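To keep things clear, I will list the structure first and then write my remarks on it.
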Amino acid sequence: MGKRKNVLLLLSDQQRLDTISAYGMDCICRTPHIDRLAEEGMKFRNAFCTSAICAPSRASVMTGLYAHKHGVIDNYTDIKEGTPLLSQCMADAGYYCGYAGKWHVSPTMTPADCGFEDNLPFMGYGFPGSRVFPSLKFDLPPANTPNYYEEYLKENGFEGVDVSQGFMGNNPALQIQEMFCRHDGPVESTIEYFVAHETNRLIDKAKEKDQPFFIWSNFWGPHSPSIVPEPYYSMYDPKLIPEHPSYCEDFHDKPYGYYLTEKMWGLSDYGWSGFQEIAARYFGHCTLIDDCVGMIVDKLKECGLYEDTVIIYSADHGDCMGAHRLIEKGAFTFDEIYRVPLVVKGLGTKDNDSLVLLQELMPSILEIGGTKPPEKVDGESLAGLMEGRIRDNGRKDIFCEYHYHFYTARQRMVRDLDYQFTFNENERGELYDLKKDPWMLKNVCYDKEYAEIKRRLMDRMSAYMKETKDPAGIWFERIKEFY
């Protein structure tokens, strides 16, 4: 076997595809460092997470499985005992494994339990700024002690840093989470800089080892609250952010839960101008993360490791950020939350249009490391597509799922490049003609002219449910003739 490549997996949280300027989707957000990785490497144009919630998606990356198979169906449950894990497999294959940043894979298993040799765990949701920034209302600190970000601030003379200009919706029952805040300290005192600093610490440790490395680095952003310092806070003019084409949503043909979710966030009264203010800081957060990626790339080059390292940049899921009048993610299967960036530097240089799944990073990284999953996973290695020796994986459609976030609403989705069908098990179905209606505004699920297309996609959903032993299949099979 030749020299094995190092692997650096960079994962952001809740980053929409069109915030990566390399994708050329007419967004004003700038990401020059990630763009450079895409220029030197390649990007997937049709990459999707299979569950647009943090922990289920991250656990799918760790296991290569659908959420209903690995067990993490929401942000609070554990990976099923005995499930093979990406990091442990890489450690068993002789890789030095390090973990930096947000965890949120399991509420009880730590990174060390999963094979990571070096890590500073942030258990639970683990938001580092909670109870550290005195003026922040968002209160979901790490479940473990100490808070390593707080320790970092103390060690580097940044004690007492605070936030200001917090913005949140006007729902009196939800005055607990800002959409954004200004970070009133230097860039070096931000959470994202801390993640890059920790990643670089692991790279220094990896250089000392006589073995390849697998480092998984996780940013907390741009998930709200977007807490960003100047110049990022004022980098984007809110007035220049155009209205999203689906902001005109009226919910008349959508499940009622969509309407309730929009009302819960309390942003309706602000109109699009409110979303402009939020999006401007969200974009600034994305550019801050991009600069942190540049810091990490510089460290790899300084250590002479850049050419031997495969760098993968992606996100666990996206963010509506005004699409359909919604924000964040939840029980809705729109592209803004399911379609994710996936950039790979260090293998091939040809972009790829195949439909691919984020959880397929698990067998892909293992193949790069010269090994394979010990048990069958849901998907295939993308290494051939990454290298450019395979141009088409032959996949015609994808299957995705949702279980619980703010409320229980088991949901399944089948999507190809032309149509998308969503099964809401106690609500009306959804079918969208993506060629005529790319923003998914008109639900044609019960239009007679689409009956044959609907039947075809329902048959595909039935096949996926049977193949993956999906428990939602029992109800689906019993009522699909009337659905």
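The values are calculated or read from the model by the stated rules, or taken from the named source; none is laboratory data. Here the structure is a predicted model, which means the values were calculated and not measured. Counting neighbours? That spans all protein chains shown, and the Cβs are built from the backbone with ideal geometry, glycine included. Note: areas computed on protein heavy atoms with side chains; ligands, DNA, RNA excluded. Shrake-Rupley method; radii C 1.70, N 1.55, O 1.52, S 1.80 Å.
Figures for the structure shown
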| item | result |
| --- | --- |
| Exceeding the 21 Å Cα-Cα cut-off - candidates 329/435; 263/448; 254/329; 254/448 | 329/435; 263/448 |
| Peptides ranked, highest mean first, by Cβ atoms within 10 Å: ranges 138-149, 281-292 | 281-292, 138-149 |
| Residue 181 long-range amide H proximity, modeled H, under 5 Å | 226, 227, 228 |
| Hull volume in cubic angstrom per residue (convex hull over the Cα atoms of segment 3-72) | 117 Å³ |
| Pairwise label distance in nanometres, residue 143 with residue 234, each label 7 Å out on the Cα-Cβ vector | 4.1 nm |
| Nearest-0.05 FRET efficiency for residue 252 and residue 3, computed from C-beta distance (R0 51 Å) | 0.30 |
| Per-residue [θ]222 nm for the chain (sum of -39500 (n - 2.57) over DSSP H runs n ≥ 4, rounded to 500) | -8500 deg cm²/dmol |
| 470, 237, ranked by accessible area, largest first (probe 1.4 Å) | 237, 470 |
| Rounded to 5, percent antiparallel among DSSP beta bridges of the chain | 50 percent |
| Sparse-neighbour loop sites [trypsin sites (Lys or Arg not before Pro); segment 37-89; at most 13 other C-beta within 10 Å; DSSP] | 80 |
| Stretch gain in nm, segment residue 270-residue 448, where the contour uses 0.36 nm per residue and the Cα spacing is subtracted | 60.3 nm |
| Rounded if a/c under 1.5, otherwise prolate or oblate - the chain, Cα gyration tensor axes | oblate |
| Size of electric dipole in segment 270-330: Cβ of Lys, Arg +1 and of Asp, Glu -1, about Cα centre, debye, nearest 20 | 300 debye |
| Label-point separation in nm, residue 135 to residue 459, each point 7 Å along Cα→Cβ | 6.1 nm |
| Rounded Å value of the spacing that divides the Cα centres of segment 405-450 and segment 301-360 | 23 Å |
| Residue-span extension gain [residue 113 to residue 25] - 0.36 nm each, minus C-alpha spacing | 27.7 nm |
| Ranked order, 125, 76, 233 - accessible area, probe 1.4 Å, largest first | 76, 125, 233 |
| With every protein chain in place, the chain: carbon and sulfur % of accessible area (1.4 Å) | 50 percent |
| Accessible-area value, residue 25, 1.4 Å probe, nucleic acids and ligands omitted, Å² | 80 Å² |
| Rh (Kirkwood; distinct C-alpha pairs) - segment 319-471, Å | 17.2 Å |
| FRET E, pair residue 425, residue 175, Förster distance 30 Å, beta-carbon r, rounded to 0.05 | 0.40 |
| Low-density loop positions, trypsin sites (Lys or Arg not before Pro), segment 97-187 - DSSP coil, at most 16 other Cβ in 10 Å | 131, 137 |
| Farthest positive-ward along segment 98-246 dipole, Cα basis, beta-carbon charges - from 116, 176, 164 | 176 |
| Estimated FRET transfer efficiency (residue 389, residue 478; beta-carbon r; R0 60 Å; 0.05) | 0.85 |
| Protection-proxy order for peptides 339-348, 407-416, 156-165, each taking the mean of Cβ atoms within 10 Å per residue, highest first | 339-348, 407-416, 156-165 |
| Coil-residue GluC sites (Glu not before Pro) of segment 304-338, DSSP, other Cβ within 10 Å capped at 16 | 307 |
| Cβ crowding within 10 Å averaged over residues, with 185-198, 436-449, 258-271, 82-95 ranked highest first | 185-198, 82-95, 258-271, 436-449 |
| Cβ-placed point charges (K, R +1; D, E -1), dipole of the chain about Cα centre in debye, nearest 20 | 1060 debye |
| Lys pairs under 29 Å by Cα in segment 1-107, provided they are eight or more residues apart or on distinct chains | 8 |
| Span-like helix ranges in the chain, DSSP H, alpha carbon extent 18 angstrom or more, Kyte mean at least 1.6 | none |
